[in-house]
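Below: the structure, in structure tokens.
The values are calculated or read from the model by the stated rules, or taken from the named source; none is laboratory data. No experiment lies behind these values; they were computed from the predicted model shown. Here the Cβ is made from the backbone with ideal geometry for all residues, glycine too, and neighbour counts use every protein chain on show. Calculation scope for accessible area: heavy atoms of the full protein, side chains included, ligands and nucleic acids excluded. Shrake-Rupley method; radii C 1.70, N 1.55, O 1.52, S 1.80 Å.
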Amino acid sequence: MAKEKDIVLRHPKDPSGLLDIIRDVQAHFGHVPTEAVSEIARHLKLSEAEVRGTVTFYHFFSLSPRGRSTIYLNNAITSWMKGRAAVAKAFEDEAGCRLGEVSPDGRIGLFPTACIGMNDQEPSAIVDGVVFTCLTPDKARAIVRGLKAGTSARDQVLEYGDGTNQSALVRSMVSNNIRKRGAVLFADHESGAAVRKITAMTPEQVIEEVKKSGLMGRGGAGFPTGLKWEFCRREKAAERYVVCNADEGEPGTFKDRVILTELPRLLFEGMAVAGYAVGAKEGVLYLRSEYSYLKPHLESVLEELRREHVLGRNVAGSPSFHFDVVIKSGAGAYICGEESALLESAEGKRGEPRDRPPFPVQFGYLGQPTTVNNVETLAAAAQLIVRGAAWFKGLGTPKSAGTKLLSISGDCDRPGVYEVEFGTTVKELLEMAGAPEAKAVQVGGPSGNCISSAEFGRKICFSDLATGGSIIIFGPERDIFEAVGNFMDFFIEESCGWCVPCRAGNVLLKRKFDKVIQGRASEQDLKDLEDWGKLVKSTSRCGFGQTSPNPILTTLKNFRGLYEARIQKGTAFVPDFDLTAAIQEGCSAANRQPECKESLHD
Ligand code: SF4
């Protein structure tokens with residue numbers, strides 16, 4: 001009890017710091033003990049239910065022990081494609097427990113986790129906070145043996161990745177795999193040039209410049225950045241905030257990880273530009289927990305930028321320009337990539353989406369007007385301010401200005417990060433990545449679009465194939481249904497559960513999908529999949545549920561033949577379950593006739 005109290009009392013009595021307290025308790029005990037829940041609730045004047053509800057919301061927190069060492073094995077489809085099953089078995093054999101369990105001696109906890117942003121170097125896992133990539137069964141066994149022998153995960157990393165991954169503050173085996181350096185993000189940038197330039201402009205002029213450039217949000221939704229900043233600035237409020245969404249959780253996306261690793265100066269300067277434009281003094285970088293290994297590096301860059309007057313008080317020598325950035329960490333929840341859920345999480349709560357309106361530009365972080373922008377968007381904003389709107393608008397297509405950073409993974413020779421101009425075709429991407437035989441490409445992650453070779457002439461841009469950056473390639477031998485099943489399981493696991501269409505609808509869709517795959521379905525089941533998918537999309541409360549049926553709907557559209565090959569055609573399907581018979585006894589007792597005229601399918 002004394003230890004729990006010590007950890008809790010180290011933190012201020014500020015409910016927005018709830019996740020930080022839980023994180024410290026979890027790190028110390030390997031879980032959040034009951035006594036700690038009570039202590040935290042007392043300290044922050046919250047109910048125990050609120051504390052428990054927050055602990056149970058996030059993947060990396062737990063009320064029950066997760067082992068003295070905890071292994072989180074990535075469950076992304078790209079991991080499956082690169083041999084995850086054999087690695088999982090090796091972990092299980094050596095640890096002496098199944099995935100989802102703790103070994104009988106409590107030494108090792110072995111758990112699956114959603115995409116950790118390492119799709120170009122799979123299979124991957126996070127072991128006691130340390131990322132391991134390119135795992136093999138032998139390496140998995142060696143890791144567990146090392147842990148049991150007392151060698152920490154950190155000390156088991158003997159080779160580092162490229163670039164800044166080798167620096168003293170990162171020392172990670174993660175690789176950047178930068179395959180194509182484009183004209184915006186990877187162009188030369190003189191640190192401080194953007195903030196120096198805007199001090200000679202009014203905030204309104206900065207917003208106008210960004211509007212003229214045509215910069216649109218790079219997270220996938222594509223909202224015009226200048227307009228968002230204008231809406232935020234217009235709100236009358238004591239404080240305004242800039243929040244950078246560094247919670248890229250869409251399976252197959254890892255490009256923000258590379259910006260955070262190699263271009264954090266550009267990103268933070270972009271946040272300062274946004275701060276100046278909207279009138280904010282504080283920015284929050286919401287960093288996904290899976291990228292926590294980058295935090296010391298990012299904190300160090302922030303310190304440097306303060307010394308150089310790119311951040312802090314009197315930015316660029318201006319007496320009225322003050323802007324600084326704090327880093328807040330998530331704890332493993334895909335939904336926190338949704339901007340209002342992210343704000344809830346940044347405030348220390350469960351990451352559940354908010355009702356809108358009001359929008360974050362009106363009622364955002366701590367209830368104040370807030371612009372939430374993606375990592376790539378803010379980095380691009382810093383470059384366009386220095387080089388001008390006309391330069392930026394000259395890149396890409398008339399309606400999609402600039403470049404897009406893509407994370408390409410799956411069945412290809414050269415997985416990694418590519419910065420391409422908008423308007424690049426999928427065919428060109430496949431040539432760059434070395435995948436001439438691809439049979440399908442998942443554009444935009446599970447919530448995006450699975451296209452067949454007939455559509456490889458389509459373009460990456462907002463008016464055709466919009467994407468936050470995830471491109472997963474499926475080769476000629478790949479079973480598309482394996483990917484669809486993986487994506488639907490992902491959505492079922494990650495739904496915040498707030499609304500029924502998403503919470504229950506995705507489960508029903510997956511069951512129906514399984515029925516088709518198992519060859520027990522009829523033509524009606526395919527129609528049900530379409531109808532139910534559209535229903536979930538049209539009735540869900542947030543973007544998560546509004547896109548979660550896409551793996552089924554887009555493959556039904558683009559790979560219809562694969563589905564039709566699995567169903568029983570031309571015969572009346574006999575379902576496994578006869579509802580009329582099942583309720584007959586109850587109806588007889590109540591002296592009523594069953595109303596079901598036909599047996600229920602499945
Ligand atoms: Fe939560 Fe899904 Fe509803 Fe969004 S759509 S609020 S994720 S249950």
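Suppose we keep only residues that are within 13 Å of the ligand (Cβ to nearest atom) and surrounded by fewer than 19 Cβ atoms within 10 Å (Cβ to Cβ) within segment 500-510. Which one would you say is farthest from GLU352 (Cα to Cα)? Among those residues, the one meeting the criterion is VAL507. All conditions in (1) on the phi > 0 side of the Ramachandran plot; (2) in a strand (DSSP E or B) hold for ILE451, with the sole exception of (1).
Give me the residue from segment 211-230 that is under 26 Å from ARG288 (Cβ atoms) and of a type outside the set (Gly, Ala, Ser) and, out of that set, most open to solvent (accessible area, probe 1.4 Å).
Checking each candidate, the answer is PHE223.
Looking across segment 482-497, the residues that are buried (at least 18 other Cβ atoms within 10 Å of the Cβ) and either assigned to a loop (DSSP other than H, G, I, E, B) or away from the ligand (no atom under 16 Å from the Cβ) (or both) come down to ALA483, VAL484, GLY485, ASN486, SER495, CYS496.
Just checking: which of the helices (runs of 4 or more DSSP H) contained wholly in segment 34-85 hold 1 or more residues that are touching a strand residue (DSSP E or B) at 6+ places or on another chain (Cβ under 7 Å)?
77-81
In the set (1) open to solvent by less than 10 Å² (accessible area, probe 1.4 Å); (2) away from the ligand (no atom under 16 Å from the Cβ); (3) in a loop (DSSP other than H, G, I, E, B); (4) more than 18 Å from VAL206 (Cα to Cα), LEU298 fails one condition alone, (3). For segment 99-125, a residue qualifies if it is farther than 18 Å from PHE60 by Cβ and either within 26 Å of the chain's Cα centre (by Cα) or in contact (Cβ under 8 Å) with a residue 40 or more places away in the chain (or both), and the qualifying residues are GLY106, ARG107, ASN119, ASP120, GLN121, GLU122, PRO123. Every condition in (1) more than 16 Å from the ligand (Cβ to nearest atom); (2) in contact (Cβ under 8 Å) with a residue 24 or more places away in the chain is met by GLU431 except one, and the failing one is (2). In segment 455-481, the qualifying residues are those that are more than 24 Å from LEU535 (Cα to Cα) and hydroxyl-bearing (Ser, Thr, Tyr), and the one that is farthest from the ligand (Cβ to nearest atom) is SER463. Counting only residues that are surrounded by fewer than 18 Cβ atoms within 10 Å (Cβ to Cβ) and either closer than 26 Å to LEU215 by Cβ or charged (D, E, K, R) (or both), segment 164-181 holds 3 of them.
Scanning segment 520-547 for residues that are under 18 Å from PRO446 (Cα atoms), more than 8 Å from the ligand (Cβ to nearest atom) and under 24 Å from the mean Cα position of the chain (by Cα) yields GLY533, LYS534, VAL536, LYS537, SER538, THR547.
When we screen ALA565, ALA590 for residues that are farther than 27 Å from CYS336 by Cβ, away from the ligand (no atom under 16 Å from the Cβ), at pLDDT below 95 and open to solvent by 40 Å² or more (accessible area, probe 1.4 Å), the only hit is ALA590.
Here GLY17 clears all of (1) touching a strand residue (DSSP E or B) at 6+ places or on another chain (Cβ under 9 Å); (2) small (Gly, Ala, Ser); (3) under 26 Å from GLY364 (Cα atoms) except the condition numbered (1).
Based on this model, can you work out whether PHE513 counts as open to solvent by less than 10 Å² (accessible area, probe 1.4 Å) and either within 16 Å of the ligand (Cβ to nearest atom) or part of a helix (DSSP H, G or I) (or both)? Criteria met by PHE513.
Could you list, in sequence order, the residues of segment 311-343 that are closer than 24 Å to ARG23 by Cβ and away from the ligand (no atom under 11 Å from the Cβ)? Answer for segment 311-343, where residues must be closer than 24 Å to ARG23 by Cβ and away from the ligand (no atom under 11 Å from the Cβ): ASP324, VAL325, VAL326, ILE327, LYS328, SER329, GLY330, ALA331, GLY332, GLU339, LEU342, LEU343.
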